[in-house]
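Trainee: Can you keep this structure in mind? I'll have questions shortly.
What follows is calculated from the coordinates using simple rules that are stated; it is not laboratory data. Given the structure is predicted, the values throughout are model-derived calculations rather than measurements. We place every Cβ from the backbone using ideal geometry, glycine too, and count neighbours over all the protein chains shown.
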Amino acid sequence: MIDHDRLFKELLSNFLPEFIELFFPDISAYLERDSIEFLPQEIFTDVTEGERKILDIVLQVSVRNQDTLFIIHTEHQSYSQTNFNQRMFTYFARLHEKYALPVYPIVIYSHDSPQTPEPNSYRIDFPNKRVLEFNYEVVQLNQLKWQDFVNQRNPVASALMAKMRIDVQERPTVKLMSLQLLANLGLNPAQIQLISGFIDTYLDLNAQEEIMFQEQLASIEPKQEEKVMQIVTSWMRQGIQQGELKMILRLLNRRIGEVNPQLQERIQTLSTAELENLGEALLDFTTAADLEAWFEAR
């Protein structure tokens, strides 16, 4: 199962200014980026349903050239949910009550279907008047065309193209375009790894699509091809290492019983070559002391 919330939270937490710049340039123009401060996670309880909800991202930021603060609250939804507009108003009201600051609410929807537009407001009406009208921003990815973002030099565009409206036959093309955009952004290795992992999760190609991807990759400019191949090779290496790590831990649990958290942490720091060496050595292990001795002998 894909942990959609974790993936989107990692992306937005690391690239929130870029997200705002991409979808809300008017706001981005007057934000003081250096003033961004992520606030502690808020936990709200829905009294009627008894559900505890941790808000996704809440941050405080200053307005440029003004002594003013406001809060941006961003929620990710991986599915369409009835009455979510009412829930957004509840979050807004509680944040406003706690911090006594203006709150700018945003929802990003990543579900593939339905493609009908999601609500962006919550209203309370009486026959003679409207008592409340609460409006919030909605970024609904299945309403957006990936082609409109190909030339956006923005890491969030590179990632989110993978979740926009894509015809089935376009999947290899979109993956290549996303990676080409990513390769030219000048990001550091950790940032590239985060976004390329996001792309690969949502555009996990089957065998036939992979052939099409490789054919299209071979047809682009050689320097571009090399940059994209470096990213592809990196995440393949990471995938192999993660697979070996899981297998090593499973074998150790069978040989010596459950591995304590301290030893697990040490194992997770091993390189691919070191994991291979441990995989051969553990066949002779009978106790946790053997594993500790192996580490001491390295």
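Trainee: How tilted is helix 84-99 with respect to the longest principal axis of the chain? Cα atoms for both, answer in degrees (0 to 90, nearest 10).
Mentor: With both axes taken from Cα atoms, the answer is about 90 degrees.
Trainee: Over region 4-143, what is the relative contact order in percent, taking alpha-carbon pairs closer than 8 angstrom and at least six residues apart?
Mentor: Result for region 4-143 is 17 percent.
Trainee: Rounded to the nearest 10 degrees, what's the angle between the helix 207-218 long axis and the longest principal axis of the chain, both from Cα atoms, 0 to 90?
Mentor: Helix 207-218 sits roughly 90 degrees off the main axis of the chain.
Trainee: Can you flag which of K9/K145; K145/K175; K53/K175; K175/K223 are past 24 Å Cα-Cα?
Mentor: Values: K9/K145 22 Å; K145/K175 14 Å; K53/K175 33 Å; K175/K223 18 Å.
In this structure, K53/K175 lie more than 24 Å apart at Cα.
Trainee: So, in Å, what gap is there between the alpha-carbon centers of region 1-80 and region 100-122?
Mentor: So the separation of the two Cα centres works out to 12 Å.
Trainee: A further question on this structure: Please identify the trypsin sites (Lys or Arg not before Pro) of region 18-116 that satisfy two criteria: DSSP loop assignment and at most 16 other Cβ atoms within 10 Å. Which are they?
Mentor: When the trypsin sites (Lys or Arg not before Pro) of region 18-116 are filtered for loop state and at most 16 Cβ neighbours within 10 Å, R64 remain.
Trainee: At a Cα cut-off below 20 Å, give the aspartates and glutamates reachable from K227, other chains included and same-chain residues fewer than 8 away excluded.
Mentor: Of all the aspartates and glutamates, those that pass the test against K227 - Cα under 20 Å, at least 8 places apart if same chain - are D200, D204, E210, E215.
Trainee: For the ranges 218-229, 13-24, 171-182, what's the packing order if you count other beta-carbon atoms within 10 Å of each residue, average per peptide, and put the highest first?
Mentor: Per-residue Cβ counts within 10 Å, averaged per peptide and sorted highest first, yield 171-182, 13-24, 218-229.
Trainee: How would region 40-160 be classified by its alpha-carbon gyration tensor: rounded, prolate or oblate, with rounded meaning a/c under 1.5 and the a/b versus b/c comparison settling the rest?
Mentor: oblate
Trainee: Treating only the Cβ atoms of Lys and Arg (+1) and Asp and Glu (-1) as charged, compute the dipole magnitude of the chain about its Cα centre; round to the nearest 20 debye.
Mentor: Numbers: 27 positive and 43 negative charges, 109 e Å.
Dipole of the chain, to the nearest 20 debye: 520 debye.
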